[in-house]
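The values are calculated or read from the model by the stated rules, or taken from the named source; none is laboratory data. Because the structure is a prediction, the values reported are computed rather than measured. Ideal geometry is used to build each Cβ from the backbone, glycine not excepted, and the neighbour counts take in all protein chains shown.
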Amino acid sequence: MAQTETAHATNFFLDGNFAPVSDERDAQDMPVLGEIPKDLVGHFLRIGPNPAHIFNEAAYHTFDGDGMIHAMTFNEGSAHYRNRFVQTEGFQLEQAHGGWLYKGMNSMMDPTPSELPTGAPKNKNLANTAFAYHNKTLYALHEPSQPTVIDLPELTTQGATNFDGKLKHPFTAHPKVDHLSGEMMTFGYAFQAPFVTYSVISASGELMHSTPITISKPVFMHDFAVTEKYSLFLDFPITLDIERAIAGGPALGFEPEHGSRIGVMPRFGSDQDVRWFDVATGSVVHTANAWDDGDNVVLQASRSKTSDIAGAGLNAENLEETQGQLYEWRINLTTGVVTERTLSTVYCDFTRVNDLHACHPTRYVYAAAFNPQRPFSFDGVMKFDNETQATTTFQYGANRFGGEAVFAPRVGATTEDDGYLVCFVQDEAAQQSECLILDAQDLAAGPVATIMVPHRVPYGFHATWVGDL
Ligand SMILES: [Fe+2]
C-alpha cells in the first residue's frame, strides 16, 4: 500500500520514514505473509518522537518529538494495530494552542517569545523514549521527567506519576524490573548535584528506597544495569555542560579525558557503599543485562569507541567509531580486577534480553544491527549466544530498515529463547510498513509472519513486550 511522504530536506530526522505522522489509527485483518503464531499473545509496543508542532525545523532535535506509541496486539493468530499520541500536559497545551509552545533543546537560547500559559510546565515531559511494565502498570518514559501511565490496550494516557510524592528525581527511560523479587530499580541524572539519584520501587509499586550517587561532573547516563545483588552505574564521558551550551557549544560532549568507570552498589545500598572500577574509555548508551557470578559481576552492553550523540551524529565517515558492539565487563569484587572483551563483531545497539530473566544470568542477547553506511539506521537483527559465542543475524534486505526488536515468550515457553522477536520494518522502496515476527530460535530462517501495516510507522526509539492480556 503506497504511502505519501512529506519531504523535509532541512532535517534528517524529519525526512523519509523519520518524518512524523499526524493521524491516530486502528487496523485489523491486515495482509500477512506467513502466519501469525497462535501462541504469541500480548502487546508489542514501540514508542518514539513524533512532533506535532515544531518551532524550527532546521534546529529540530530527534529527542524533542512528542511521544507516539505504535502497538500490535496479538491474540490467537490475529493482530490489531493502533497508534496514539501520549497525551502529555505539554502536548495537550500545544494542541489547544494550535502551535508550538516549547522550542526544543537546540533552540533554548532563541529569543523568540513563547506564548506558554502562566503556570504551565517550563519543560515538556515528552514521554517519547521507552517503556517500563511493572506492577501491572505500563509507563511511557522520558529521562528528564516523571513516568507517564498508559492504559492497555487502548493506549489512553492516565498522566504522569510521582509515586505518591516520593519520586524526587528524573526517571530514566531504562529502569530494570527483577521478575523474581518483583522490584523495579531506577535512577535519574541531572545538571545539578546530586548528579545521579537512585531508587527502588517495590513489587506493589511503592517507592521504598532512594539515595544520591556522587560522581564528579554531570554525564549523560542514559542506562544502567542491575543484578540480583547489585546496581551498576555507568560514569562514562558523554558529559553535560550548561556553560558550554550557553557559550554556543553542545550541551552534550564526548570528553574521553573524563575516563570511564562503573559503580557497583548493593541494591539497597547508599552513596558510601558504591565501589568504582576504572574501565577502558568508551561510550555506552544501552546495556543488555547484568548478573552475579560468584565473586564477579558481569555486565553486557553495546559499547562504541566514541560517541556521536553529542553532535549531529550524521558523519558517515566515522560510523565504525560511533556504532557499538556487544561488549562484556567482568568485575571481580574480591580482587578488584576488571576483565573486558568484545563479544561480537556485529555493530549493534538496542540490546535486549528476555525481560523475564533481567538481573539474572542470560544466555542470549538480541540487538538491532546497524547499517554500515547510513547513520541511525538498523538493517537487521542479531542474536548472541553466551554459551557458544556465536552471533546469528537476519538482514531485512535492500532498502529495508527496522528498529528495536523485542523478545516475546511463546505461551507455555520452557526455555529462555522459546519465543519470538517482534519488530517494525520499513520497506523504503515500496513505502510499506511491516511488523515482523521471527522465531527467536531460528532468526536466520526469516520471519514466520510479516504483517503489512496499512499506515506508516515512522522509525522510533524503544519497544517492549507486555504479555499480560
Ligand atoms: Fe534508550
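Suppose the filter is closer than 28 Å to MET265 by Cα, surrounded by 22 or more Cβ atoms within 10 Å (Cβ to Cβ) and touching a residue at least 12 places away in the same chain (Cβ under 8 Å); does VAL338 pass it?
Details: closer than 28 Å to MET265 by Cα: yes; surrounded by 22 or more Cβ atoms within 10 Å (Cβ to Cβ): no; touching a residue at least 12 places away in the same chain (Cβ under 8 Å): yes.
So VAL338 fails the test.
How many residues are of a type outside the set (Val, Ile, Thr), away from the ligand (no atom under 16 Å from the Cβ) and either closer than 16 Å to PHE384 by Cβ or modelled with pLDDT under 95 (or both) when one looks only at region 345-359?
3
Just one of PHE85, PHE55, PHE63, PHE91 is without any contact (Cβ under 8 Å) to a residue 40 or more places away in the chain and within 18 Å of ASN125 (Cα to Cα); which is it?
PHE91
All but one of (1) under 27 Å from ASP178 (Cα atoms); (2) assigned to a loop (DSSP other than H, G, I, E, B); (3) touching a Gly at 6+ places or on another chain (Cβ under 7 Å) hold for ASP278; state the number of the condition that does not hold.
Against the list (1) under 27 Å from ASP178 (Cα atoms); (2) assigned to a loop (DSSP other than H, G, I, E, B); (3) touching a Gly at 6+ places or on another chain (Cβ under 7 Å), ASP278 comes up short only on (2).
Kindly indicate the residue of region 450-469 that is part of a strand (DSSP E or B) and over 16 Å from PRO409 (Cα atoms) and also farthest from the ligand (Cβ to nearest atom) among those meeting that condition.
Looking at the filtered set, the residue picked out is MET452.
Within region 162-180, which residues are buried (at least 16 other Cβ atoms within 10 Å of the Cβ), under 20 Å from the mean Cα position of the chain (by Cα) and more than 16 Å from the ligand (Cβ to nearest atom)?
Once the filter is applied, which keeps residues that are buried (at least 16 other Cβ atoms within 10 Å of the Cβ), under 20 Å from the mean Cα position of the chain (by Cα) and more than 16 Å from the ligand (Cβ to nearest atom), region 162-180 yields HIS169, ASP178.
Just give me the residues in region 409-423 being in contact with a Gly (Cβ under 9 Å, 6 or more places away or on another chain) and either touching a residue at least 12 places away in the same chain (Cβ under 8 Å) or of a type in the set (Ser, Thr, Tyr) (or both), in sequence order.
PRO409, ARG410, VAL411, ASP418, CYS423
Every residue in region 125-141 that is touching a residue at least 40 places away in the same chain (Cβ under 8 Å) and in a loop (DSSP other than H, G, I, E, B), please.
LEU126, ALA127, ASN128, THR129, ASN135, LYS136
One line per residue, one yes/no per condition, for (1) modelled with pLDDT under 95; (2) among the hydrophobic types (A, V, I, L, M, F, W, C):
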| residue | (1), (2) |
| --- | --- |
| LYS122 | yes, no |
| PHE131 | no, yes |
| GLY165 | no, no |
| ALA173 | no, yes |
| LYS176 | no, no |
| LEU180 | no, yes |
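Looking only at region 68-86, which residues are more than 14 Å from PRO51 (Cβ to Cβ) and surrounded by 19 or more Cβ atoms within 10 Å (Cβ to Cβ)?
Selection gives ILE69, HIS70, ALA71, MET72, THR73, PHE74, ALA79, TYR81, ARG82, ASN83.
Against the definition (under 23 Å from the mean Cα position of the chain (by Cα), more than 18 Å from HIS462 (Cα to Cα) and surrounded by fewer than 23 Cβ atoms within 10 Å (Cβ to Cβ)), how does THR392 come out, yes or no?
yes
Any idea which of THR342, THR362 is over 15 Å from the mean Cα position of the chain (by Cα), at pLDDT 95 or above, part of a loop (DSSP other than H, G, I, E, B) and not hydrophobic (A, V, I, L, M, F, W, C)?
Just one listed residue meets the conditions, THR362.
Having 3 or more residues that are closer than 30 Å to PRO111 by Cα is the bar; report the strands (runs of 3 or more DSSP E) wholly within region 171-267 that clear it.
In region 171-267, the matching strands (runs of 3 or more DSSP E) lie at 238-240, 252-254.
Given the conditions (1) modelled with pLDDT of 95 or more; (2) more than 20 Å from ALA369 (Cα to Cα), which single one is not true for ASP468?
Evaluating ASP468 over (1) modelled with pLDDT of 95 or more; (2) more than 20 Å from ALA369 (Cα to Cα) leaves (1) as the failure.
Within region 207-231, track down each residue that is away from the ligand (no atom under 16 Å from the Cβ) and of a type outside the set (S, T, N, Q).
Within region 207-231, LEU207, MET208, HIS209, PRO212, ILE213, ILE215, LYS217, PRO218, GLU228, LYS229, TYR230 qualify.
LYS383 fails exactly one of the following numbered conditions: (1) among the basic types (Lys, Arg); (2) part of a loop (DSSP other than H, G, I, E, B); (3) buried (at least 17 other Cβ atoms within 10 Å of the Cβ). What is the number of that condition?
Of (1) among the basic types (Lys, Arg); (2) part of a loop (DSSP other than H, G, I, E, B); (3) buried (at least 17 other Cβ atoms within 10 Å of the Cβ), only one is false for LYS383: (2).
Any idea how many residues of region 255-283 are at pLDDT below 95 and either within 16 Å of the ligand (Cβ to nearest atom) or buried (at least 22 other Cβ atoms within 10 Å of the Cβ) (or both)?
Within region 255-283, residues that are at pLDDT below 95 and either within 16 Å of the ligand (Cβ to nearest atom) or buried (at least 22 other Cβ atoms within 10 Å of the Cβ) (or both) number 1.
Just the residues that are crowded, with 20+ Cβ neighbours inside 10 Å and out of contact with any Asp or Glu (no Cβ under 7 Å at 6 or more places or on another chain), please, taken from region 47-61.
Within region 47-61, ILE47, GLY48, ILE54, TYR60 qualify.
Looking only at residues in region 105-149 that are in contact with a His (Cβ under 9 Å, 6 or more places away or on another chain) and among the β-branched types (Val, Ile, Thr), which one is farthest from the ligand (Cβ to nearest atom)?
THR148
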